[in-house]
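Have a look at the structure below, then the notes.
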Amino acid sequence: MLDAVDVATTFHTPDGPLRAVDGVSLTLARGETLGIVGESGSGKSVLGRTLMGLITTNTATTVSGSVTIGGQDVHALTPAGRRALWGTEVAMVFQDPMTSLNPVKKVGRHVAESVRLHLGLGRAASRERAVDLLRQVGIPEPARRARQYPHELSGGMRQRVVIAMALACDPRLLIADEPTTALDVTVQKQILDLLQHLGRERRMATVLISHDLATIADRTDRVAVMYAGRLVEHARTTEVFDRPRHPYSRALIASIPHLDLPPHTPLPTIEGTPPNLLHPPTGCRFAPRCGAATDRCRRQPPALEARADDPRGGTVACHHPLDVTQEVPA
């Protein structure tokens with residue numbers, strides 16, 4: 001369903017080129033869920049928008065590599081071709097629903113607009129379809145809610161409206177970028193359960209971008225770990241969480257708080273800060289923060305290579321991958 005090869009996105013700033021995504025390659029089959037994790041600023045959201053085709057080459061931005069969705073090269077399409085692709089083949093759920101919704105447009109019109117554009121339904125049929133979609137995503141009294149404005153809905157309901165908009169034309173690929181940001185824990189679970197249910201029901205491929213490792217561990221088939229614009233590890237979810245090979249993956253997992261820890265127990269942290277992508281390190285970008293880094297790590301960037309312990313295609317970019325017999329701290 002998705003095939004991305006050597007994707008790179010560079011922003012041309014007054015201080016020089018900033019390579020926010022640097023040579024990322026991914027594949028995703030229909031019905032499969034891929035999680036993308038990493039610290040803030042690691043390039044997760046930029047990658048999601050690049051895969052969607054929302055970032056295109058112009059005087060301020062350069063996009064290279066290829067992204068194929070459903071057999072179509074996204075970046076080779078004309079603007080009209082991309083608009084035809086969005087909604088029918090691929091759709092996106094953004095972080096903040098309030099920035100995705102027009103405050104002076106009623107909720108039902110938001111959903112119906114895409115249906116009219118792509119499916120050619122009339123006004124009455126598109127309104128009926130919008131109400132049905134609002135019902136499918138769990139909004140109570142959907143006919144009444146369709147006549148309301150976004151500010152009249154709670155944050156959780158607004159996010160459900162955004163999901164209904166994304167699913168209006170039955171896309172085969174959904175990219176969800178931090179879909180539960182700023183929602184309380186109960187609503188977060190409801191939204192994630194909804195996405196998981198709809199993905200299984202429709203056999204929809206899903207890319208779930210999140211900084212919440214617990215969410216990724218429970219709801220994905222594979223995980224891609226990003227650091228400073230690059231993939232550092234990519235494998236089945238159980239492999240990454242049970243036997244991480246990259247020191248950064250291990251450090252992220254070790255920093256997850258656990259309820260059974262004694263009070264006032266300090267959480268493990270990753271010393272230092274992510275690199276400035278205007279002037280990234282010459283070798284491994286994690287080397288300045290890695291306790292196992294050697295001169296080779298500081299000189300030579302590691303290639304993404306197959307994990308010897310994972311016959312199902314796991315990869316890691318590290319000159320000194322961790323011993324798989326080491327257990328991740330509970």
Are any of the residues in region 60-75 outside any strand (DSSP E or B), in contact (Cβ under 8 Å) with a residue 40 or more places away in the chain and either touching a strand residue (DSSP E or B) at 6+ places or on another chain (Cβ under 9 Å) or crowded, with 16+ Cβ neighbours inside 10 Å (or both)? yes
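Results for (1) in a loop (DSSP other than H, G, I, E, B); (2) at pLDDT 85 or above; (3) surrounded by fewer than 19 Cβ atoms within 10 Å (Cβ to Cβ), shown as yes or no for each residue.
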| residue | (1), (2), (3) |
| --- | --- |
| TYR248 | no, yes, no |
| THR265 | yes, yes, yes |
| THR269 | yes, yes, yes |
| CYS284 | yes, yes, no |
| VAL324 | yes, no, yes |
Counted residues in region 6-42 being at pLDDT 95 or above, within 18 Å of GLN95 (Cα to Cα) and small (Gly, Ala, Ser) come to 1
Going through (1) modelled with pLDDT of 90 or more; (2) in contact with a strand residue (DSSP E or B) (Cβ under 7 Å, 6 or more places away or on another chain) one by one, ASP310 fails only at (1)
Condition met for ALA214 (hydrophobic (A, V, I, L, M, F, W, C), surrounded by fewer than 16 Cβ atoms within 10 Å (Cβ to Cβ) and either at pLDDT below 90 or in a loop (DSSP other than H, G, I, E, B) (or both)): yes
Taking region 27-53 only, how many residues are touching a helix residue (DSSP H, G or I) at 6+ places or on another chain (Cβ under 8 Å) and surrounded by 18 or more Cβ atoms within 10 Å (Cβ to Cβ)? 8
Sort out which residues of region 27-57 are assigned to a strand (DSSP E or B), hydrophobic (A, V, I, L, M, F, W, C) and within 12 Å of the chain's Cα centre (by Cα), and write them in order of number. LEU34, ILE36, VAL37
Considering region 182-209 alone, what residues qualify as being among the hydroxyl-bearing types (Ser, Thr, Tyr) and modelled with pLDDT of 90 or more? THR206
Would region 1-12 turn up any residue that is surrounded by fewer than 19 Cβ atoms within 10 Å (Cβ to Cβ) and more than 18 Å from the chain's Cα centre (by Cα)? yes
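The values are calculated or read from the model by the stated rules, or taken from the named source; none is laboratory data. For clarity, every value in this text was computed on a predicted model and none was experimentally measured. Quick reminder, even Gly has a Cβ in these numbers, built from the backbone with ideal geometry, and neighbours come from all protein chains shown.
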